Every structure is written in structure tokens, then in C-alpha cells.
Amino acid sequence: MAGKTPHIAQPSRRVFLRRLTCSLMGALGTGALGLAFWDRRGPSPAVVAPTSEPLPDFRLPEKAGRLAIVHGADRGQTLAAALHALGGLGDFIRPGDRVLLKANAAFATPPMLGATTHPDLVTHMIRLCLEAGAARVDVTDNPINDPASCFELTGIGPAARRAGARVVLPTEDRFESYSLTGGRLIVRWPVLTRPLREVDKLIGLAPVKDHHRSGASLTMKNWYGLLGGRRNIFHQQIHAIITELAMLARPTLVILDGTTSMMTNGPTGGSLDDLKDTHTMIAGTDPVAVDSAGARLLGRSVEDLPYLRMAAKAGLGTVDYRSVAQGAPSL
């Protein structure tokens, strides 16, 4: 399903650097105090309450195996078109639903660098959820850098509040020591579970990025932000932990934003030279299919990303995204 791509003038590098400097200086005061006192390791298993209650499964069985790919440069237009192709957001969000958006706010960087979920996507998704009748929309993540700073510098926090949502920061009381049924890595590990236990629907919002360990950071890698503790110890088993995270989080929908993709130096990037306009929005109920389609934007195949095959083998979806796409995808 393709849309016309309007021409958007790109700022010169000098203008970009000036805007970037102003953005950083304006937000620095907001995050400096929090950064001084924040422990980037997050809570340890010893300080969070253990639990054996499984997390909710937010999937809608009657909507299983759906995927839409839309091309265009305007996030609002492509998101609306992709959701329409899936049957409309009203098929997923019911009046009175409490909705959680899991964004990627991992780094304290401005949105133009593409390392985090774009605030425009957050704005449009919140508005669409509220228009569908959602009683409440929350936005959360457990960033690598100081959470308060990340939500401000990325623009996600201001965008969420302006659109009528609540930003849920990863405070210690929102973690549980969680053991994933059938898991080998997520065992008695601090997981940001409380925001998930307080909602009816879960939607993942992820950018398309290169990743130096996993090969790509897409919708399933986005769930890494639910982990607390010294989660970097999982880097040596990155494909296994991504698979377990896909078992842990069973979303209603996932949205993969490939309007601009980070082609190199991921996941942090840091330069406009790392980015490429790929003008694609992918939405679906099958995260394996969505990520398999998104990998193509980075020039990667399923074989380049072992976690896709591992997740498919675990019964979490299909790598054959064309078999579930609504319409004829051009990827």
C-alpha cells in the first residue's frame, strides 16, 4: 500500500547544529539533577518484590497475523493509513480502555538523530487512541540514561503530555522480580511490570535502527526497555534475550517507524550521516513479521538476524511477512 511522498526541505547542517545546541541547552537544566542521583543499573533483584503472577497477554486472537506497510514521509498520514489497512484502530482499542505505549526513549538525544521513538509518532498514536475512546494513555520506558532527561531531550515527554497522555517513569516501585515461564535468562529478574498490569492494551512504538550487537533494533528489541538491573550482562546472549522479551511482552499492536532509519553506528548513532530517509511505516499484530519486513529497510535479511528465526520457532510469529501483509508490500 503506497502513498505519495511530499517534498520536505531538510535543514542545512549549520541550522541543524544550531537547533541541536539550543535543544540540548534548554533541556540540560531539567535533567542535570536527576542524572546526578540516578543509578543507571536500575533496581537489583534484592530490592524488588518477587512475583509469580504471569503478565497479561494483550493480543487479540481474532486480529492475529495482520501486517500493513505504507510508504510516505508524513508520520501522521502513514500511521493512519497503516492502521486503516489493519481494519482501523477501533478494532483494537475499545471505549474505556487503558492503553500503554512502550516507546524507545533510551538515550538523552534529540529526535533528529533517530536513536529514539519520534515524538510526532507518539503524538499521533496518543490522539488516535483517545479518538478511539481510550480512557487513559500512558507512555513508558526504562532508558539507559537518566529517565527524566531522556523523556525531555527526546521530546517524547512533552509530546505525550501535550497530547493528553501520562508519562510513567521507571521508579523502583514499578519493578517486580519476575520469572518468565519457559525462560532461561529472565529468571527472578527486575522487570518493569506495574505499568503493564494497570492497562488493557499494549502498543509498541519503535524506530528502525542498526544495532552493533543484534544487527537491528526493531519492535522486539524495543522490549529491552522493560528490563531493570544490570541488563547489559545479556549482551553476550542478545538473540536469546530478544526472543525471551518477545515471549514476555504480548502486545496488541506494534508500530515500526521507518520514516527515517539509522543505517549505521546503531543503536546510538549521533550523526545525520548515520540516517537515511526510507519513508516507510509498518504496523501489525505479528512482531516477527513486522521486524522481518523492517529488516529490509536496513538491507538485512532474516538470516542476518538470528532472533527472528528463534522467535518464529518459539511460535511468536512468521518471518514470511508477505504472507500476512494486507495488500501487496513493495519491500
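The values are calculated or read from the model by the stated rules, or taken from the named source; none is laboratory data. All values derive from a computational prediction rather than experimental measurement. Cβ atoms come from the backbone with ideal geometry, glycine included; neighbour counts cover every protein chain shown.
Here are the numbers for this structure:
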| quantity | calculated |
| --- | --- |
| Looking only at the stretch 219-242, and only at residues there that are outside any helix (DSSP H, G or I) and of a type in the set (A, V, I, L, M, F, W, C), the one that is farthest from Gly294 (Cα to Cα) | Leu227 |
| Residue check for Thr171: surrounded by fewer than 22 Cβ atoms within 10 Å (Cβ to Cβ) and β-branched (Val, Ile, Thr) | yes |
| Which numbered condition Gln77 fails, given (1) within 22 Å of Gly164 (Cα to Cα); (2) under 18 Å from the mean Cα position of the chain (by Cα); (3) in contact (Cβ under 8 Å) with a residue 60 or more places away in the chain; (4) assigned to a helix (DSSP H, G or I) | (2) |
| Strands (runs of 3 or more DSSP E) wholly inside the stretch 160-218 containing at least 2 residues that are over 19 Å from the mean Cα position of the chain (by Cα) | 176-178, 189-191 |
| Count - residues of the stretch 76-132 that are of a type in the set (D, E, K, R) and surrounded by 22 or more Cβ atoms within 10 Å (Cβ to Cβ) | 1 |
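This table checks each residue for (1) farther than 24 Å from Gln77 by Cβ; (2) at pLDDT 95 or above; (3) surrounded by 23 or more Cβ atoms within 10 Å (Cβ to Cβ); (4) in contact with a Pro (Cβ under 6 Å, 6 or more places away or on another chain).
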position: Ile242; (1), (2), (3), (4): yes, yes, yes, no
position: Leu253; (1), (2), (3), (4): no, yes, yes, no
position: Gly258; (1), (2), (3), (4): no, yes, yes, no
position: Asp273; (1), (2), (3), (4): yes, yes, no, no
position: Lys276; (1), (2), (3), (4): no, yes, no, no
position: Ala283; (1), (2), (3), (4): no, yes, yes, no
position: Ala289; (1), (2), (3), (4): no, yes, yes, no
position: Arg309; (1), (2), (3), (4): yes, yes, no, no
